[in-house]
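Enquirer: Before we start, here is the structure in question, set down as structure tokens.
Each reported figure results from applying straightforward, stated rules to the coordinates on display, with no laboratory input. Note that the structure is a prediction, hence the values are computed from the model and not measured. Counting neighbours? That spans all protein chains shown, and the Cβs are built from the backbone with ideal geometry, glycine included.
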Amino acid sequence: MPDRLRRLIGAGILAAAGLAGCAAPPKWVAGSGPSREQVSAAASQASATVRLIDLTDAVARRLGGLQEPMLFSQQLPASAVSVQGIGPGDALEVSVWEAPPALLFVGSPLEARAGARSSATTFSEQMVSAEGSIEIPFAGTIAVAGKSPQGIGAEIASRLVGRANKPQVLVRVTRNATANVTVVGEVVQSVRMPLTARGERLLDAIASAGGVRQPVGKVTVQITRGERVLALPLDKVIQSPRENVPLAPGDVVTVLFQPLSFTALGATGQNAEIAFEAQGISLAQALARAGGVQDARSDARGVFVFRFEDAASVTDEQRAGPTTPDGKVPVVYRVDLTDPASFLVAQSFPMRNRDVVYVANAPSAELQKFLNILTASIFSVQGLTSLGK
């Protein structure tokens, strides 16, 4: 063996021995990301832009409580909302009956030949004007806005007393333009569903639109009522009858397809963007979907979740410091999987959309990379030397 090659191998062995003592490869050895020490050091600096928070049971419970959505049943009336009276744009059909002999409205010749006991006249469909009124012959202008069909019929009949013979009036709504619910979004067909006295509910509205076009587990339902906007996963509405709340006139039901996802990086089974359901998953589930942490590479004490947290989700001390333009606080949650209790905490820690789960490499894994590079280099030199002989 040439002296030069012998010296190179000796230098490699000495370097490997030195690295084994400090368990840290040279900086030029490529890694999959920062080590556990580097993340912790970057977050502990006075000028750090991120907050490092150790994930404990108390932290997980606080975040879980903050993330729990406001239920429809807690914010909206559980009883059927009464449908308001007639309004502008509604179409009405008015029929008037007279006892024989008819004095004002004459029935058809067929009715007369058949000896009908009463004479009925049905007026053409009328649309309620912007002023909230309709016109009825011999009764004049009738204000109908805010009234029920029965109340409108009684008023028309009172106006015809003395002109018609014992008039009886029936008013029927043929087109409802005011007591409607609008259903839009990821449904088969957007519709305006009229509300009736039965008291239609949320799932009735979705069914009237033909159902949803996306998997139920990835759909969120939003109800907009006036200035209030509430949202829940569709799964939760289906599973809990209490969340299938009655709707009110003017409600807008929006079906949203929200492909929530997190990104797994580092020493996990796969580095990828991984989708999850609208009802959410825990950190334990997220790690499992990413293929878990790799035994041969991972640092079990270096599992991190990177997130832009709402200001209300952190303490006053953690809130102090730089924030994003929209007021978000950059936070890194640290998990030590060598502690058995951390697995229970991971089950209650809720993942959020666009979270990044990062598992640092163990120092021994970085050392192994260096040794592989060193070994490959030594044998490459040895091969070249052999060729030169």
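Enquirer: If you take the C-alpha gyration tensor of region 179-257, multiply each eigenvalue by 5 and take the square root, what semi-axes do you get, largest first, in whole Å? Mind dumping the intermediate values first?
Expert: On the way: eigenvalues 62, 37, 29 Å².
Whole-Å semi-axes of the equivalent ellipsoid: 18, 14, 12.
Enquirer: Shifting gears a bit: Cut-off is 10 Å between beta-carbons; in what order do M70, M127, M351 appear when sorted fewest neighbours first?
Expert: The order, fewest Cβ neighbours first, is M70, M127, M351.
Enquirer: To make sure I understand the rule: partners must be aspartates and glutamates, Cα under 15 Å from the Cα of K328, and not fewer than 8 residues away in the same chain. Which ones qualify?
Expert: E309, D310, D316, E317, D355
Enquirer: What list of ³J(HN,Hα) values in whole Hz, one per residue of region 356-361 in order, does the Karplus curve 6.51 cos²θ - 1.76 cosθ + 1.60 (θ = phi - 60°) give from phi, with Gly and Pro shown as x?
Expert: 10, 9, 10, 10, 6, 6
Enquirer: Obtain the nm distance between the two label points defined at A143 and R175 by a simple spin-label model: each point lies 7 Å from its Cα along the Cα-to-C-beta direction.
Expert: Each label point lies 7 Å from its Cα, and together they span 2.6 nm.
Enquirer: What is the percent of Cα-Cα separations in region 176-312 that go past 26 Å?
Expert: Numbers: 3756 of 9316 pairs.
Beyond 26 Å sits 40 percent of the P(r) for region 176-312.
Enquirer: For K147, list long-range residues whose amide hydrogen, built 1.01 Å from N in the peptide plane, is under 5 Å from its own amide hydrogen.
Expert: Amide H neighbours of K147, under 5 Å, 5+ apart: I86.
Enquirer: Pop a pseudo-label 7 angstrom from the Cα along the beta-carbon direction at both T338 and A42 and give the gap in nm to one decimal.
Expert: 2.2
Enquirer: Just in region 199-279: which GluC sites (Glu not before Pro) are loop by DSSP and have at most 14 other Cβ atoms within 10 Å?
Expert: Values: sites: E200, E227, E243, E273, E277; in loops: E200, E227, E277.
In loop regions of region 199-279 (DSSP not H, G, I, E or B), the sparsely surrounded GluC sites (Glu not before Pro) are E227.
Enquirer: Using 7 Å Cα-to-Cβ label points, what is the T315/N271 separation (nm, one decimal)?
Expert: With each label point 7 Å from Cα toward Cβ, the separation is 3.4 nm.
Enquirer: Under 5 Å between amide H atoms, partner at least 5 residues away or on a different chain: which partners does D90 have, H built in plane at 1.01 Å?
Expert: Placed amide hydrogens put V128, A177 under 5 Å from D90.
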